[in-house]
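The values are calculated or read from the model by the stated rules, or taken from the named source; none is laboratory data. Since we're looking at a predicted model, the values are computed, not measured. Please note: Cβ atoms are built from the backbone with ideal geometry, for glycine as well, and neighbour counts cover all protein chains shown. Note: areas computed on protein heavy atoms with side chains; ligands, DNA, RNA excluded. Shrake-Rupley method; radii C 1.70, N 1.55, O 1.52, S 1.80 Å.
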Amino acid sequence: MKTHNLHNHIATRLLILMVALMSVAPAFAQESQQYAIYNYRNDGDFNAWMNIDVEKITYSCTDLDGVEHDDIVVQEVWTPDSVYRIPISAIDSIGFRAPKIEYQDNVFHITEAHLPYIISVDDNSIIEVSEVNKNVNI
């Protein structure tokens, strides 16, 4: 049992070191350069920020439920209007390159031929006119 705990402790420390090193990497880039920071997670969530929007990155021994731990359990990303608290155990990796876009098989690709029939667009919806030209496959 002690060997298992020792391996967990070492793995936790290595993960914390990796996350800490990745969080200071932006400091070595030119200040005027803008780039994205991608936080890939193993819990199904995903976070992305522009480096100019991140004020600081800190670490906490207080988990998301407010319980204190002996070790660091949360990464905190501070922006002008929010603090993103991410469990260390949920962080898979940190990246600075945009992820590859992968479309689902059932995605419909809109072309210029469809534009005259679109009334409005928001983040989640496309509103079409009711009278659609039968020659345009929408």
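Here are a few things to note about the model shown:
- Taken residue by residue, segment 104-122 has no member that is within 30 Å of GLN33 (Cβ to Cβ) and part of a loop (DSSP other than H, G, I, E, B).
- Flag if VAL24 is on the phi < 0 side of the Ramachandran plot, modelled with pLDDT under 70 and either open to solvent by less than 80 Å² (accessible area, probe 1.4 Å) or among the polar types (S, T, N, Q) (or both): yes
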